[in-house]
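The values are calculated or read from the model by the stated rules, or taken from the named source; none is laboratory data. Here the structure is a predicted model, which is why all the values come from computation and not from measurement. Backbone-built Cβ (ideal geometry, glycine too); neighbour counts: all protein chains shown.
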Amino acid sequence: MKAFVLVALSLCIAQPALGQNAPPPITVPSSLSLAEARAIVDGAVAYPREQNMRMAIVVVDQAGYVVASERMDGISPSNMRFAEGKAFASAMLRATTEALGDLAKSRPDRYHGIMNMYPGRVYLVGGGVPLVTDGKLVGAVGVAGLPQGVDEKAGRAGMAAWEKLRDAKK
């Protein structure tokens with residue numbers, strides 16, 4: 001038995017580590033810089049702060065990966081997950097989550113299809129808006145924790161700050 005263990009151990013040591021010779025994973029560079037994402041977050045946070053409200057916000061790139069996020073003091077941590085689900089849904093499906101949520105009534109087959117395609121990743125409630133520049137999707141913003149209809153307004157306030165930053169760079 002000792003001989004078997006020694007042979008097995010020597011084979012493990014002699015073999016290169018799994019994945020050592022594997023090529024690096026393919027990644028798509030983000031079209032949205034951290035500075036731009038922070039401008040969106042800061043612009044969006046200013047909106048509810050003026051009205052003494054709190055929220056969570058997540059900005060994702062075109063592939064749905066988080067670039068920046070923030071949870072205001074006193075807001076439930078679950079709102080971060082809701083905001084990320086809204087942003088992810090807007091990026092993947094290239095529509096506002098308000099419009100996508102309406103599919104539950106108008107096209108339940110499509111709504112349930114989306115929910116099954118992205119289990120646990122999408123949240124189809126208003127507050128997610130795609131970020132588009134020059135006709136190209138570059139990401140999305142998701143806001144959660146504010147009253148119905150106000151989430152999207154905060155996200156759009158952040159988008160206005162982003163557009164102002166982009167115009168200043170031209």
(1) more than 9 Å from the chain's Cα centre (by Cα); (2) part of a loop (DSSP other than H, G, I, E, B) all hold for ALA63 apart from (1)
Residue under question is GLY127, and the condition is that it be on the phi > 0 side of the Ramachandran plot, surrounded by fewer than 17 Cβ atoms within 10 Å (Cβ to Cβ) and either among the small types (Gly, Ala, Ser) or touching a Phe, Trp or Tyr at 6+ places or on another chain (Cβ under 9 Å) (or both); does it hold? no
Tell me the residue from ALA56, ALA104, ALA99 that is within 16 Å of the chain's Cα centre (by Cα) and hydrophobic (A, V, I, L, M, F, W, C), please. ALA56
Might you let me know whether segment 162-169 holds any residue that is surrounded by 13 or more Cβ atoms within 10 Å (Cβ to Cβ) and assigned to a loop (DSSP other than H, G, I, E, B)? no
How many of the residues in segment 15-66 are modelled with pLDDT of 95 or more and of a type in the set (Ser, Thr, Tyr)? 1
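Residue-by-condition table, conditions (1) in contact (Cβ under 8 Å) with a residue 24 or more places away in the chain; (2) in contact with a Gly (Cβ under 7 Å, 6 or more places away or on another chain):
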| site | (1), (2) |
| --- | --- |
| PHE82 | yes, no |
| ALA89 | yes, yes |
| LEU103 | no, no |
| ARG110 | no, no |
| ASN116 | no, no |
| GLY128 | yes, yes |
| GLY139 | yes, no |
| VAL143 | yes, yes |
| LYS153 | yes, no |
Please determine whether any residue of segment 83-91 is of a type in the set (Asp, Glu), surrounded by 17 or more Cβ atoms within 10 Å (Cβ to Cβ), modelled with pLDDT of 95 or more and not in a helix (DSSP H, G or I). no
Tell me which residues, restricted to segment 133-145, are of a type outside the set (Asp, Glu) and surrounded by fewer than 24 Cβ atoms within 10 Å (Cβ to Cβ). THR133, GLY135, LYS136, LEU137, VAL138
